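The values are calculated or read from the model by the stated rules, or taken from the named source; none is laboratory data. Source: prediction; values computed, not measured. Cβ sites come from the backbone with ideal geometry, for glycine too, and all protein chains shown count toward neighbours.
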Amino acid sequence: MSQGSLTIKLDNETKKEFNEFCEEIGINMTTAINMFIKKVVREQRIPFDLSLDKKPNIETLQALQESEDILNGIKKVKSYNSVDELFKDLNK
């Protein structure tokens, strides 16, 4: 089978870190890239998740759960009849 070449550009620090990793596991960068490409071709997919989904942090998850509990009547919250009543309570 004839061979072709592929040129990629990446920043020097990433290249250095990738090369160090490859050396540590006993392969060179060309072998690693070829392994990636062959896996893509074999599986017909990128072999890792690509996503723009952002996972909420713990505080956001807790706030979402609390709001669901309030909506479902599981958690009771204090209510006010006016803004003045709210500020009187806040200033106590």
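When the residues of region 43-92 are narrowed to those that are more than 30 Å from ILE33 (Cα to Cα) and among the β-branched types (Val, Ile, Thr), which ends up modelled with the highest pLDDT?
VAL83
How many residues does region 4-17 hold that are part of a loop (DSSP other than H, G, I, E, B) and over 14 Å from ILE37 (Cα atoms)?
Going through region 4-17 one residue at a time, the tally reaches 3.
Just give me the residues in region 51-92 being surrounded by 10 or more Cβ atoms within 10 Å (Cβ to Cβ) and in a loop (DSSP other than H, G, I, E, B), in sequence order.
Within region 51-92, PRO56, ILE74, LYS75, TYR80 meet the criteria.
With free of Cβ contacts under 8 Å to residues at least 40 places away in the same chain and surrounded by 10 or more Cβ atoms within 10 Å (Cβ to Cβ) as the only criterion, which of PHE21, PHE48 stands out?
Answer to the selection: PHE21.
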